[in-house]
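Trainee: Before anything else, here's the structure in question.
Only the coordinates and a few stated rules stand behind these numbers; no lab work does. Everything numeric in this text was worked out from a predicted model, so none of it was measured. As a convention, Cβ positions derive from the backbone with ideal geometry for all residues, glycine included, and neighbour counts pool all protein chains shown.
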Amino acid sequence: MPAHPNTLAGKTIRKMQSAAAPRRLAVLLSFLLTAACQSPPQMIAAANPFAAEAGRDILNAGGSAVDAAIAAELVLTLVEPQSSGVGGGAFLLHYDGQSQEVSAYDGRETAPAAATADLFLDAEGKPMSFWDAVVGGRSVGVPGLLRLFETAHRAHGRLPWPRLFEAAIDLAESGFPVSPRLHELVARDKHLRRFEAAKAYFYDRDDQPHAVGHRLQNPAYADTLRRIARDGAEAFYNGPIAADIVASVRGAVGNPGAMSLADLAAYEAKARPVLCLPYRRWQICGMPPPTSGGVAVLQTMGILAHFDLAGLGPESPQALHLVAEASRLAFADRGLFLADPDFVTVPVEELLDPAYLADRAALISPTRSLGKAEPGLPAPQASMPRQDDPPSTTHLAVADRWGNVVSMTASIESAFGSRLMVRGFLLNNELTDFSFLPRSAGRAVANRVEGGKRPRSSMSPTLVLDDQGALVMAVGSPGGSRIPGYVVKTLVASLDWGLDMQAAIAFPNFVNRNGATDLEEGTPLARMAPDLEALGHEVRVRPMTSGAHGFRVTDEGLDGGADPRREGVVLTR
Ligand code: GLU
């Protein structure tokens, strides 16, 4: 794999500038002219065309990958409100094109300080039903997105902070056409209209969801953004916006939460040590806990490194069997160990130890599924994985002209989050990513609710580097606890099977979370069900709406992909 084209171009220019002879100057000028005519090696892949355009415009204006990611996500809050936004959180990986350093930023929501382990238990001590827990104030975590942006912008931003807000403010004021997906999700939702602010925004005067193409304006969001553009993230975490968030959470009729002004004022985004693991001739880098995604993707790939997937190829039930079994083993560990590392000890090093992963790989039989895998390390605690696949969350990938790259997954958890809307944006329901049960099998659950703790996530923003540290790929996806599976599929399809990025993302999904093996409905893969059943898999054929976005560095430049299952696009210039 060649070094990143930007890095090469940068080095060439510096070398040639030191030459004094006029002939050399002419060569330099012609080189610069050619370089200027070529499309800059920059790209954004995101879940909505308006958001991708906002990011692309920032790149064209000389913004960095982080600048573009921020501008795009502020537009996603508006145009893809079901998925993510300033009322939620995100995990962001950054690759520095100069130093080749990878940094990981955690903007995950926190539980209010007053939250206790029984947050999601009813009067009899039984877990609440999921939707009873989600809708209202109880599930709302302290949003992390804007503190994350402030931290990342300080470290990697090039354009002034207010500039990043312009596109979203303009679009919120002038209005954007309701997309088919937004329309469908509003029409399908049973809870949004229970709350006045969301009802007034998402439905027309006849109480119908706005039609596809209806121009939806959001002056309240424009006003929110204007304040944050002017006064920084502080304007969100202290002052009138914070006061309205707290009032909305505490005043949610029937299901209030306990968030306080002090919780918002205390929120911190965190830089965390990135996790990288060798995979064949590459390094795969992921986000550490409190998401389980990085560990799950790296463990699965570390186990798969012991098998010849390229030799088996994409049409082989045997390859599917191996990927499903590797993921099954990773999910057995995930269920027991993964939670907020600031509250429980997560044995990340042991879980990613190559010798341990070799032992785990040895458990896989080529002829028979493990059925149910057991965790592989001694268990200090126990946890309970949740098993849903909500239609929300968003992933974007950006490369700027200096070779810096962002891979970011952002979420408000369920579609439309808690359904509480404040000043033009929705509040998350991320606290339902905690285990509802504080104890299980006589032990405290690692992912139980605690005040100030971050709920375990599955979000898996990923970067792949070559053995020289040059960037090879950026990718990630929404999909709840199927996220690690969607990312693993894309990595295997691209790295092992050689599919281009669009084909790797579009390749039918197949996922195992230490239970049934799910095959994507309506795809040729579903026809492999009998082969997998013969290997002992319980197979379920079902829709699997991933939303993967990313790109790969090739000899010809950046090769991007947007998931055809959602509304995303790839833009270069
Ligand atoms: N809240 C989920 C998580 O953090 C993501 C939900 C989704 O992908 O829709 O893992």
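Trainee: Scale the Cα Rg of the range 173-243 by the rule-of-thumb value 2.2 N^0.38 Å and send over the ratio, two decimals. Could the numbers behind the result be given before it?
Mentor: Details: Rg = 14.5 Å, N = 71, 2.2 N^0.38 = 11.1 Å.
That works out to 1.30 for the range 173-243.
Trainee: Which order results if 572, 367, 224 are arranged by neighbouring Cβ count within 10 Å, fewest first? Before the final figure, lay out the partial values.
Mentor: Values: 572 17, 367 9, 224 27.
Sorted ascending by nearby Cβ count, the order is 367, 572, 224.
Trainee: What is the extension gain from residue 468 to residue 193, computed as 0.36 nm multiplied by their sequence separation minus the C-alpha to C-alpha distance, in nm to one decimal? Intermediate results must be reported in sequence, preceding the final value.
Mentor: Working: separation 275, 0.36 × 275 = 99.00 nm, distance 5.33 nm.
Computed gain between residue 468 and residue 193 is 93.7 nm.
Trainee: By count of other Cβ within 10 Å, fewest leading, how are 285, 276 ordered? Kindly include the intermediate steps, with their values, before the conclusion.
Mentor: On the way: 285 24, 276 19.
Fewest-to-most Cβ neighbours within 10 Å comes out as 276, 285.
Trainee: When the Kirkwood hydrodynamic radius is evaluated over all pairs of different C-alpha atoms of the range 499-553, what value in angstrom, to one decimal, is obtained? List each step's numbers first, then the result.
Mentor: Details: mean 1/r = 0.0821 Å⁻¹.
Evaluated on the range 499-553, it is 12.2 Å.
Trainee: Let me ask something additional. Just round it to a whole percent: the fraction of Cα-Cα distances in the range 227-277 exceeding 17 Å. Display every interim value, and only then the final one.
Mentor: Numbers: 633 of 1275 pairs.
For the range 227-277, the fraction of Cα-Cα distances above 17 Å is 50 percent.
Trainee: Hey, can you rank 558-571, 445-458, 314-327 by average C-beta count inside 10 Å, highest first?
Mentor: Descending packing order for the listed peptides: 445-458, 314-327, 558-571.
Trainee: Now a separate question. Report, by chain and number, residues whose modeled amide H sits under 5 Å from the one on residue 393, excluding near sequence neighbours (fewer than 5 apart, same chain).
Mentor: For residue 393, whose amide H was placed from the backbone, the distant partners under 5 Å are 83, 84, 412, 413.
Trainee: Tell me the relative contact order for the chain as a rounded percent, counting alpha carbon contacts under 8 Å between residues six or more apart. Write out the running numbers ahead of the final one.
Mentor: On the way: 1383 pairs, mean separation 133.6, N = 573.
Across the chain, relative contact order equals 23 percent.
Trainee: Each residue of the range 567-573 in order: what ³J(HN,Hα) in whole Hz does its phi give by Karplus 6.51 cos²θ - 1.76 cosθ + 1.60, θ = phi - 60°, with x for Gly and Pro?
Mentor: Here the 3J(HN,Hα) series is 10, x, 9, 10, 10, 10, 8 Hz.
Trainee: Using C-alpha positions alone, give me the convex hull volume of the chain per residue in cubic angstrom. Please report the intermediate quantities before stating the final value.
Mentor: Working: hull volume 83.3 nm³, N = 573.
Each residue corresponds to 145 Å³ of Cα convex hull volume.
Trainee: Taking neighbour counts of Cβ atoms within 10 Å as a proxy for exposure, in what order, fewest first, do 225, 437, 121 appear? Please report the intermediate quantities before stating the final value.
Mentor: Working: 225 28, 437 20, 121 17.
Least crowded to most crowded, the residues run 121, 437, 225.
Trainee: Here's a follow-up. Just to check I understand the Karplus step: with θ = phi - 60° and J = 6.51 cos²θ - 1.76 cosθ + 1.60, what whole-Hz values come out for the range 428-445, glycine and proline as x?
Mentor: 5, 10, 5, 5, 6, 7, 6, 5, 5, 8, x, 10, 8, 6, x, 10, 5, 7
Trainee: Give the peptides 137-146, 515-524 in descending order of average Cβ contacts within 10 Å, highest first. Mind showing how you got there, number by number?
Mentor: Numbers: 137-146: 29.3, 515-524: 17.4.
Highest mean packing first, the order is 137-146, 515-524.
Trainee: Along the range 486-496, what does the Karplus equation 6.51 cos²θ - 1.76 cosθ + 1.60 (θ = phi - 60°) give for ³J(HN,Hα), rounded to whole Hz, x for Gly and Pro?
Mentor: Karplus values, whole Hz, x for Gly and Pro: 5, 5, 4, 4, 5, 5, 5, 5, 7, 6, 8.
Trainee: With a ≥ b ≥ c taken as the square roots of the eigenvalues of the C-alpha gyration tensor of the range 99-257, please select rounded if a/c is under 1.5 and otherwise prolate if a/b is larger than b/c or oblate if it is not?
Mentor: Values: a/c = 1.88, a/b = 1.13, b/c = 1.66.
Oblate is the answer for the range 99-257, as a/c is 1.5 or above yet b/c matches or exceeds a/b.
Trainee: Give me the number: length gained by fully extending residue 439 to residue 244, i.e. 0.36 nm times residue separation minus the C-alpha to C-alpha distance, one decimal in nm. Mind showing how you got there, number by number?
Mentor: Details: separation 195, 0.36 × 195 = 70.20 nm, distance 3.44 nm.
Computed gain between residue 439 and residue 244 is 66.8 nm.
Trainee: With a sphere of radius 11 Å drawn around the Cβ of residue 200, what net charge do the other residues whose Cβ falls strictly inside it have (Lys, Arg +1; Asp, Glu -1)? Can you show the working numbers first?
Mentor: Working: positive: 193, 199, 205; negative: 196, 204, 207.
In short, 0.
Trainee: On to the next question. What nm distance separates the two modelled labels at residue 555 and residue 230, each placed 7 Å from Cα along Cα→Cβ?
Mentor: In this crude spin-label approximation the distance works out to 5.5 nm.
Trainee: What is the range 506-573's relative contact order, in percent, from Cα pairs under 8 angstrom and six or more apart in sequence?
Mentor: Numbers: 91 pairs, mean separation 16.5, N = 68.
RCO, the range 506-573: 24 percent.
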